[in-house]
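The values are calculated or read from the model by the stated rules, or taken from the named source; none is laboratory data. Values in this document were obtained by computation on a predicted structure and should not be read as measured data. So basically every Cβ, Gly included, is an ideal-geometry build from the backbone, and we count neighbours across all protein chains shown.
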Amino acid sequence: MATRTSVIGFPRIGKNRELKFAAEKFFKGEITAEELEKTAKELRSYGWKKQAECGISFIPSNDFSFYDNMLDTAFLLGAVPERYASLSLSPLETFFAASHGYQGAAGDVKALPMKKWFNTNYHYIVPEISDDTKISLSQNNKVLSEFSEARSLGIQTVPDIIGAYTFLRLATFTGKKAAEDFAAGCADALSSLAESLSKAGAEWIRFSEPALVLDISDSQKALFLSIYKSLIQKIRAKTKIKIALQTYFGDVRDVYKEICALGFDAIGLDFVEGKESLSLLESGFPNDALLFAGIVNGKNIWRSDYAKKNTLLSQIKNFVPEENIVLSTSCSLLHVPYTTQAEEKISGDIKKHFAFAEEKLSELAELSSGDEKALSENKKLFESERVFKNMSVQKALSELTEDDFVRKPDFSEREKIQRGVFSLPLFPTTTIGSFPQTADVRANRAAYKKGTITKEQYVAFNREKIAECIKLQERIGLDVLVHGEFERNDMVEYFGSQLYGYIFTQNAWVQSYGTRCVKPPIIWSDVSRKGQMTVEWSVFAQEQTKKIVKGMLTGPVTILNWSFPRDDISLKEQAQQIALAIRDEVLDLEKNGIKIIQIDEAALREKLPLRKADWHKEYLDWAIPAFRLVHAKVKAETQIHTHMCYSEFNDIIREIDDMDADVITFEASRADLKILDALKDAHFRTEVGPGVYDIHSARVPSVEEIKTALEKMLLKVSKKKLWVNPDCGLKTRGNKETEKALENLVEAARQLRA
Ligand code: GLN
Ligand code: ZN
C-alpha cells in the first residue's frame, strides 16, 4: 500500500490573485459580500480538488482566510477587541475592520498591528486580549462551515486550527491578565469545536502549533501542558474525533517528551527545518500515533531530490513503523506560489527544476507511491550539474581574505576625516532615499516596460523628476540630498534585474499579508553585475547641485532575504556573491565622484533564526560580514550610510554597529523610541538617525513634535552623532504632505542647533 500523505495548508490568494482583487473591490464597495464569498468559495474548492486529484490523504480545511488565520482564530475564540465589536458591522466587515482598519458611518478605528510570521515573509495580525475578553466559541464558525463545504464537494478534510498555545503566545495582553488566565477558556472553546466538528462528520481535528519550535521557558511549557491536558481530556470525554498536533518551521526539542506523553493520535514534525527532529525520534515515538513527517520543503521553490528524501524516510522508519508514517509538507504551502505552469516565459529546461505548491503535491504523491518512472526521472534531474559555475565569480570568492571584510582606517579615524571633508552642520538633515512615486512616475516606468516610449524618453522624464527633486530639497534646506529613486519600483527587482544569475517569474506571487502579495525573484546561478546599475542616475543628480547627493543601493542581505535562494550552495556563499556585485557598484559610484553612499539593509533581521542559540553561527556570522564586504574597500573620505526598518533591532544593536557603516538611519518612530536605550547601553559608535516621524501616515508632524522627539533622542545619543530624518522612504506618500513634513523637519533641526 502506498504511504499516506498530508498537506499542512494550501495557497489561498488565487492563481491570479483573485482573492486580493475581490477583497480590494469589496473594501471600495464595488462588490457585495456575497460576490466576495463566491470568489472565496471557488478558491477553496480549487485547492481541495487539486489535492484530491493528487490523492492527498489528509487534506486541510480552514487553511483559507480572508486575511489571516491568526485573526480567524481570534474571531473563532471570541477574542474580538471591543472597539471593533461595538461598530455593529456584519461579521465579515468587523473582521476586515480589525485586519484593515475602518473609517465610515459606524466609526473610525485603526487596524490591529501586524508581525512577521516566524521566519517567513508572511505577516500575521497580532490578536489583542484584554482583562475583559471572554474566550468562547463563536457562533459564526468558519471551521465548521468550511469543513461542511468541502464535504458537500465530496472531499473529507482535516480541519486545521492555530492551536491555543501559539495563539496565546503571540497575542498581546493589554491588562493585568496573561496567557495563563485564558488557557482554560481556550480549552473549553476548542473542545466544543471538536464536538461540533465530530457531529458534522469530521474524523480528525488538527491543531497547528508552530510556536512549539521556539525557545520555550518552564512557564511556557507549563502553559502548553495545561492547555492540552485539559483539551484532550475534554475532547475524549465528548467525542471519538482523532486529535493531531502539527508543528513546523523547526524542531520541538524543548517539549518533545511532553508532546509524546500527551496522547495525540498524530504528531506532525518538520524534518526540513527541524535540525533535531530525527534525533528526537530516536528517543522514542508513541506506538499508536501517526507521524506526519514533514519532508517536502514547504518554503522553497526547488524540486525535491527523491533519493535524499528516501534516505531520510528510511532513517525515520528506524523509529516509527512504516504504516504509521504519513508523508507531509514541512509547513503550509502558503509560502510558495501556485504552479510553475503559469510561467510561460521560463524555458522547460529551467522550469523542470522548480516545484511550486501544485508540483509539491505531485512530489508527495510520487514519493508515496514509489513510482519507478518518477524516481528515475528525478534521479536524472539531480545527476547532472544544474548550472555551470561562473568562473570569475568563483575566483573572486576564492581570493577573498580577512582584509576584504575590514574597512580601514577604523571608525573614529574616519569620523574625524569625514568631519573635515563634509563640514556638515550639527544635526544634519537627510531623507531615506525615495520621494513620492506619483502616478506620472509610475506611468513613465510602465510605458517604458511596455515599449510604448523609447529609452531616451524614459530617461529624459526621470531626469526631469530628479532635477525637480533636487531643487525641492535645496529649497527646503536639507543637508544631504537624494535623487529620489524614480526609476525603481521594488528595490530587489531593480537590482536583481541588473544581475546575472537571477530569474524573474511572471506570476509566482506569494501572500505577504492580507491582500498584499510579493513576487520574489529566484536566484538561479552564480550572481554578478551585468554593468553599472545606478551610476548614471546618481551622477546626473550630483551635477544638479553643490550639496552632496547620496548614492543609493540595496545591500546583499536584503536582496538575498527577499529572493527565493538556491538550495545547492549556502546562503553565506550567495550573500557573498551578491556583496561582490554591489561592491563593484559602490566602487564605481566612488570613482564617479559620489561622496556618500547609502546601502539599505531594510530586511537584515528577516531571516534571523528562531532560536537565539542559532543567531550567530547560522546567520549573523555571515550576514554582518557580507555587508562589510560591500564597503570595506572605499576611501576613508567616502561616507557609508545604511538604513533599516520593518522590525525592532534592540537585541542585535551590537551586531549592527559591527557592520561598520559611518551613519545608520532607523525606522524608530513607531517603536516609541525604545531603541534609544539600546543604543546607549551598547555605546553605539555609528552616527545615527532614528526616524523622527512615521512616513506610513499622511499626517504632517509639527515642528514642535519633531523637536520633542529630537530632544528625547539627545538624552541618549551624543549630539555629535545625531542625524535628522524621516523613518523610511517617502515613496508611498504624496507630494504635498512630504514637502510640509520635510520643511518642519528642517526647521526643527535649525531650532535645535540654535
Ligand atoms: N532607500 C529606500 C527608500 O527610500 C529604502 C526602502 C526601505 O527601507 N524599505 O525607499
Ligand atoms: Zn525603511
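Among the candidates Glu590, Glu585, the residue that is charged (D, E, K, R), more than 20 Å from the chain's Cα centre (by Cα) and surrounded by 22 or more Cβ atoms within 10 Å (Cβ to Cβ) is uniquely Glu585.
For the stretch 467-487, the criterion of a residue being in contact (Cβ under 8 Å) with a residue 60 or more places away in the chain, of a type in the set (Lys, Arg) and within 18 Å of Lys550 (Cα to Cα) is satisfied by at least one position. Taking strands (runs of 3 or more DSSP E) as the structural unit, those lying wholly within the stretch 487-567 and holding at least 3 residues that are farther than 21 Å from Leu397 by Cα correspond to 510-513, 516-518, 548-554.
Put simply, of Asp657, Asp681 the only residue that is away from ligand 2 (no atom under 16 Å from the Cβ), out of contact with any Pro (no Cβ under 7 Å at 6 or more places or on another chain), among the acidic types (Asp, Glu) and under 24 Å from Ala579 (Cα atoms) is Asp657. Does the stretch 591-606 contain any residue that is among the aliphatic types (A, V, I, L, M) and away from ligand 1 (no atom under 16 Å from the Cβ)? No: zero hits. Selection of the stretch 673-713 for residues being within 20 Å of Arg654 (Cα to Cα), without any contact (Cβ under 8 Å) to a residue 60 or more places away in the chain, more than 16 Å from ligand 1 (Cβ to nearest atom) and not basic (Lys, Arg) yields Leu673, Leu676, Asp677, Ala678, Leu679, Asp681, Ala682, His683, Phe684, Met713.
Among residues of the stretch 426-439 being surrounded by 12 or more Cβ atoms within 10 Å (Cβ to Cβ) and not polar (S, T, N, Q), the one that is farthest from ligand 2 (Cβ to nearest atom) is Phe427. Of everything in the stretch 568-609 that is part of a loop (DSSP other than H, G, I, E, B), within 16 Å of ligand 2 (Cβ to nearest atom) and of a type outside the set (A, V, I, L, M), the residue that is farthest from His643 (Cα to Cα) is Glu606.
Filtered by the rule that a residue be more than 16 Å from ligand 2 (Cβ to nearest atom), in a helix (DSSP H, G or I) and surrounded by 14 or more Cβ atoms within 10 Å (Cβ to Cβ), the stretch 715-741 gives Glu737, Glu739, Lys740. In the stretch 545-568, the residues that are more than 25 Å from Ile594 (Cβ to Cβ) form Cβ pairs under 6 Å with partners that are within 12 Å of ligand 1 (Cβ to nearest atom), at six or more places apart or across chains, as follows: Asn561/Ala603; Asn561/Glu606.
Using the structure shown, decide if Val482 is within 16 Å of ligand 1 (Cβ to nearest atom) and touching a Cys at 6+ places or on another chain (Cβ under 8 Å). Here the answer is yes, as Val482 does meet what is asked. Kindly evaluate Arg753 against the criterion of being away from ligand 2 (no atom under 16 Å from the Cβ), within 29 Å of the chain's Cα centre (by Cα) and not hydrophobic (A, V, I, L, M, F, W, C). When the stated conditions are applied, Arg753 does not pass them. Output yes when any residue across the stretch 626-641 is within 22 Å of the chain's Cα centre (by Cα), away from ligand 2 (no atom under 16 Å from the Cβ) and either at pLDDT below 95 or assigned to a helix (DSSP H, G or I) (or both), and no when none is. So far as the stretch 626-641 goes, yes, one or more of its residues are within 22 Å of the chain's Cα centre (by Cα), away from ligand 2 (no atom under 16 Å from the Cβ) and either at pLDDT below 95 or assigned to a helix (DSSP H, G or I) (or both).
Going by what's in this entry, would Glu618 be described as without any contact (Cβ under 8 Å) to a residue 24 or more places away in the chain, more than 16 Å from ligand 2 (Cβ to nearest atom) and either farther than 29 Å from Glu705 by Cα or β-branched (Val, Ile, Thr) (or both)? Considered against the rule, which asks whether it is without any contact (Cβ under 8 Å) to a residue 24 or more places away in the chain, more than 16 Å from ligand 2 (Cβ to nearest atom) and either farther than 29 Å from Glu705 by Cα or β-branched (Val, Ile, Thr) (or both), Glu618 comes out as yes. Do you know which residues across the stretch 155-207 are among the aliphatic types (A, V, I, L, M), farther than 28 Å from Gly47 by Cβ and more than 31 Å from the chain's Cα centre (by Cα)? Correct list: Ala184 only.
Residues that are over 31 Å from the mean Cα position of the chain (by Cα) number at least 2 in the following helices (runs of 4 or more DSSP H) confined to the stretch 294-392: 306-317, 357-369, 372-383.
Checked against the criteria, Lys707 counts as under 23 Å from Leu424 (Cβ atoms), of a type in the set (Lys, Arg) and crowded, with 16+ Cβ neighbours inside 10 Å. The number of residues in the stretch 658-671 that are modelled with pLDDT of 95 or more, among the hydrophobic types (A, V, I, L, M, F, W, C) and either within 13 Å of ligand 1 (Cβ to nearest atom) or in a strand (DSSP E or B) (or both) comes to 2. Looking across the stretch 1-45, the residues that are part of a helix (DSSP H, G or I), under 30 Å from Phe292 (Cα atoms) and of a type in the set (Gly, Ala, Ser) come down to Ala40, Ser45. Yes or no: the stretch 397-417 includes at least one residue that is outside any helix (DSSP H, G or I), within 25 Å of Arg4 (Cα to Cα) and at pLDDT 95 or above. Looking for residues that are outside any helix (DSSP H, G or I), within 25 Å of Arg4 (Cα to Cα) and at pLDDT 95 or above, one finds none in the stretch 397-417, hence no.
Here Glu655 fulfils each of the conditions (1) within 16 Å of ligand 1 (Cβ to nearest atom); (2) crowded, with 18+ Cβ neighbours inside 10 Å; (3) not polar (S, T, N, Q) apart from (1). Filter the stretch 686-704 down to the residues that are part of a loop (DSSP other than H, G, I, E, B) and surrounded by 15 or more Cβ atoms within 10 Å (Cβ to Cβ) and list them by number. The answer is Thr686, Gly691, Val692, Tyr693, Asp694, Ile695, Val700, Pro701, Ser702. Against the criterion of being touching a strand residue (DSSP E or B) at 6+ places or on another chain (Cβ under 7 Å) and either at pLDDT 95 or above or under 28 Å from Gly298 (Cα atoms) (or both), Ala150 qualifies. Going by what's in this entry, would Ser512 be described as in contact (Cβ under 8 Å) with a residue 40 or more places away in the chain, farther than 24 Å from Ile548 by Cα and within 16 Å of ligand 2 (Cβ to nearest atom)? Yes, satisfied.
A single entry from Ser152, Ser217, Ser191 fulfils the requirement of being within 28 Å of Leu290 (Cβ to Cβ), of a type in the set (S, T, N, Q) and surrounded by fewer than 19 Cβ atoms within 10 Å (Cβ to Cβ): Ser152. Tell me, please, whether a residue that is assigned to a helix (DSSP H, G or I) and more than 16 Å from ligand 1 (Cβ to nearest atom) can be found in the stretch 423-436. Checking the stretch 423-436: not a single residue is assigned to a helix (DSSP H, G or I) and more than 16 Å from ligand 1 (Cβ to nearest atom). Taken over the stretch 331-375, the criterion of being touching a residue at least 12 places away in the same chain (Cβ under 8 Å), polar (S, T, N, Q) and within 20 Å of Ala508 (Cβ to Cβ) is satisfied by Ser332, Thr339, Thr340, Gln341, Ser362.
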